[in-house]
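S.K.: My questions all concern the structure below.
The values are calculated or read from the model by the stated rules, or taken from the named source; none is laboratory data. Only a predicted model underlies this, so the values are computations on that prediction, with no experimental measurement involved. Here the Cβ positions follow ideal geometry from the backbone for every residue, glycine too, while neighbour counts run over all protein chains shown. We work out accessible area using only protein heavy atoms, side chains counted, and drop any ligands, DNA or RNA first. Shrake-Rupley method; radii C 1.70, N 1.55, O 1.52, S 1.80 Å.
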Amino acid sequence: MHIQPNVHFDDTEVAFSYKSDKELKKANFIFSIVNHPAISSVATGLAKAGLALHLPVKGLIKATVFEHFCGGETIDQSERTIQTLSRFHVGTILDFSAEGAHTEEGFDRTTEEILKTLDKAKGNPSIPFTVFKSTGLVNIDLLTKVQSKESLSSEEHEAFQHFHDRVERICKKAHEYNVPVMVDAEDSWIQNPIDELTYEMMKKYNQQRAIVFNTYQMYRRDMLDNLRNAYHTATMHNYFLGVKMVRGAYMEKEAESAEKMGYPNPIHPSKEATDDSFNKGLAFCVDNKQRVSLMCGSHNEYSNQYLTVLMGKHSMKPNDQRVWFAQLLGMSDNSSFNLAKAGYNVAKYVPYGPVELVMPYLIRRASENTSVAGQSSRELTMIRKELARRKNSKS
Ligand SMILES: Cc1cc2nc3c(=O)[nH]c(=O)nc-3n(C[C@H](O)[C@H](O)[C@H](O)COP(=O)(O)OP(=O)(O)OC[C@H]3O[C@@H](n4cnc5c(N)ncnc54)[C@H](O)[C@@H]3O)c2cc1C
């Protein structure tokens, strides 16, 4: 469907005003590397091996991709990014992205860290949302077992109860602090117990407003129905529904698992079908805005534009607190900063954590930014356009 744009996403001066010339040149270098699948895969392989062998590569990673896509290794180190974004009316969502906790102690440490992001966000307009990933709080194999309804040992029952308690602590504190918390969506074979627990928390903590948000991966064929069902359940139990809508990040893994295990691939058969489902999901949320709060987590310009049009049709002001836009730090600045300049509510996921533990996150960003995935050429075009504009304006 053709739509009349409300916001111009191609204003690169606005998009990159927060970056110095030096930072912009570095961004150009990074996206030029990841644009080549072969170079990107050699570079990520070398980085992984270098860290594993304790070679002095950390400084190089930190000064390049880490600095581009992450706030820092700690919340304190992320302060500069929080302040910079805030100057341009873009909020921060501190995302503790260290992956690899496998023990109960590790899951407890991650919980404490997420609670610290809530402390940091309390009463802080620069940090309008918080977020966590369930697999940082519980063993993936246990979630798989729970979803497939396998019988659990008493130890496993106890571990699952600990997961429940960790999530409860986070959501309770989010409610006390009046800071919304989003639960990331993950692989389809572990998602049901995450959903169930998230809805239990919504029922408890979303009585006055949406504090707990679930994530809807619209690349899944069942997701539009899941969203509608979630809305009906929220209506039935009279609570607010918090929706973070994304397309979904694990398409290849989903296809591989479906083939290996012999069940139909749960992902839509084409990009167009995913896009259609995503845009219908946006319309459903705006149609039901009395009960639904929406976080549109996307770099897709059409979807972001479409959401501004839907808001206009429903006479919603750009800064209506029920609708937010979010992108990842270091990506789609043209959407984030142009939306924010036009008065819409925008926030960036700002990942942080020790370099070695954030590597899986960085590798995912590198692979989704290869020219195969198509995102990096979009980023590169914008960055080069702005570099040229700055050069011309100086000459
Ligand atoms: C703020 C934020 C939070 C996020 N949180 C999560 C999360 O909790 N869980 C999660 O899984 N992801 C999450 N993501 C990642 C997200 O799911 C997407 O992978 C990423 O944003 C790219 O999609 P897009 O909407 O930005 O745009 P686009 O670049 O337009 O879309 C790319 C996406 O389309 C889908 N797609 C591509 N090709 C096909 C095909 N052939 N058939 C079917 N579908 C296809 C895939 O989902 C792919 O990622 C988040 C992203 C953002 C910006």
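S.K.: What is the dipole size for segment 190-267, taken about its Cα centre, with +1 at each Lys and Arg Cβ and -1 at each Asp and Glu Cβ, in debye to the nearest 20?
M.R.: About 340 debye.
S.K.: Under a crude label model (7 Å from the Cα following the beta-carbon direction), how far is Glu23 from Gln77 in nanometres?
M.R.: Result for the modelled spin labels: 1.7 nm.
S.K.: Plugging the Kirkwood radius over Cα pairs into Stokes-Einstein for segment 1-105, at a temperature of 25 °C and a viscosity of 0.890 mPa s, what D comes out in µm²/s?
M.R.: For these conditions, the coefficient is 147 µm²/s.
S.K.: Within 11 Å, Cβ to Cβ, of Met311, how many net charges do the neighbouring residues add up to if Lys/Arg are +1 and Asp/Glu are -1?
M.R.: Net local charge, Met311 excluded: +3.
S.K.: Report the extension gain between Glu196 and Met1 in nm, rounded to one decimal, defined as 0.36 nm multiplied by the number of residues separating them, less their alpha carbon distance.
M.R.: 66.7 nm
S.K.: Kirkwood hydrodynamic radius (Cα pairs, Å) of segment 291-363?
M.R.: 13.3 Å
S.K.: Still on this model: Over all directions, the average projected area of the alpha-carbon convex hull for segment 190-299 comes to how many nm²?
M.R.: For the Cα atoms of segment 190-299, the hull's average projected area reads 6.9 nm².
S.K.: I want the antiparallel fraction of DSSP beta bridges within the chain, as a percent rounded to 5.
M.R.: 5 percent
S.K.: Another question about this same structure. At 10 °C and a viscosity of 1.306 mPa s, what translational diffusion coefficient does Stokes-Einstein give for segment 250-395, taking Rh as the Kirkwood radius over Cα pairs? Give it in µm²/s as a whole number.
M.R.: The diffusion coefficient I find is 90 µm²/s.
S.K.: Could you compute the FRET efficiency for Asp225 and Leu51, with r as their C-beta to C-beta distance and R0 at 51 Å, rounded to 0.05?
M.R.: The computed FRET efficiency comes out at 0.75.
S.K.: Further, regarding this structure: Which percentage, to the nearest 5, of the DSSP beta bridges contained in segment 157-315 is antiparallel?
M.R.: Looking only at bridges with both residues in segment 157-315, the antiparallel portion is about 10 percent.
S.K.: Express in nm, to one decimal, how much length is gained between Thr144 and Phe88 on full extension, taking 0.36 nm for each residue of separation and deducting their alpha carbon distance.
M.R.: The Thr144-Phe88 span can extend by a further 16.0 nm.
S.K.: Given Ile75, Asn35, Gly45, which one lies farthest toward the positive end of the charge dipole of segment 1-100, if we put +1 on the Cβ of every Lys and Arg and -1 on the Cβ of every Asp and Glu?
M.R.: Gly45
S.K.: Along the Cα→Cβ direction, 7 angstrom out, place labels at Lys394 and His36. What is the inter-label distance in nm?
M.R.: Result for the modelled spin labels: 2.6 nm.
S.K.: I would also like to ask the following. Quick check on the chain: what are the equivalent-ellipsoid semi-axes from the Cα gyration tensor, as sqrt(5λ), descending, whole Å?
M.R.: Those come to 31, 27, 21 Å.
S.K.: At a 10 angstrom cut-off on C-beta neighbours, averaged per residue, how do the peptides 221-231, 264-274, 293-303, 332-342 rank from highest to lowest?
M.R.: Averaged packing, sorted descending, gives the order 332-342, 293-303, 221-231, 264-274.
S.K.: May I pose another question? Would you work out what percent of the accessible area of the chain, with all protein chains in place, is carbon or sulfur (probe 1.4 Å)?
M.R.: Here it works out to 55 percent.
S.K.: Could you please report the charge total around Met182, scoring K, R as +1 and D, E as -1 over all other residues with beta-carbon less than 11 angstrom from its beta-carbon?
M.R.: 0
S.K.: Additional query: Relative contact order for the chain using alpha-carbon pairs under 8 Å, separation at least 6, rounded to a whole percent?
M.R.: Relative contact order comes out at 26 percent.
S.K.: Hey, another quick one. Starting from the amide H of Gly72, placed 1.01 Å from N in the peptide plane, find each other amide H under 5 Å away whose residue is 5 or more places distant or on another chain.
M.R.: Excluding prolines and chain starts, which carry no amide H, the hits are Gly353.
S.K.: Compute the distribution of all C-alpha to C-alpha distances in segment 65-221, in bins of 5 Å from 0, and list the percent of pairs in each, rounded to whole numbers.
M.R.: All Cα pairs, binned at 5 Å, distribute as 2, 9, 17, 20, 20, 15, 10, 4, 2, 0, 0 percent.
S.K.: Taking 2.2 N^0.38 Å as the expected size of a compact globular protein, what ratio does the Cα radius of gyration of segment 267-333 give against it, to two decimals?
M.R.: Its radius of gyration relative to the 2.2 N^0.38 Å reference: 1.13.
S.K.: Leaving out same-chain residues fewer than 8 places away, which lysines sit with a Cα under 28 Å from that of Lys122?
M.R.: Lys19, Lys133, Lys172, Lys173, Lys203, Lys204, Lys244, Lys289, Lys317, Lys341, Lys348
S.K.: Quick check: the distance between the Cα centres of segment 46-64 and segment 65-128, to the nearest angstrom?
M.R.: Centre-to-centre (Cα) distance: 22 Å.
S.K.: Then there is this: When the Debye formula is applied to the Cα atoms of segment 255-294, each taken as the same point scatterer, what base-10 log of I(q)/I(0) results at q = 0.29 Å⁻¹?
M.R.: Log10 I(q)/I(0), no solvent term: -0.88.
S.K.: Kirkwood hydrodynamic radius of segment 114-158 from all distinct Cα pairs, in Å?
M.R.: Here the Kirkwood hydrodynamic radius works out to 13.0 Å.
S.K.: Can you tell me which aspartates and glutamates have their Cα less than 15 Å from the Cα of Lys280? Leave out same-chain residues fewer than eight positions away.
M.R.: Counting by Cα, and skipping residues close in sequence, Lys280 has these aspartates and glutamates nearby: Asp222, Asp225, Glu272.
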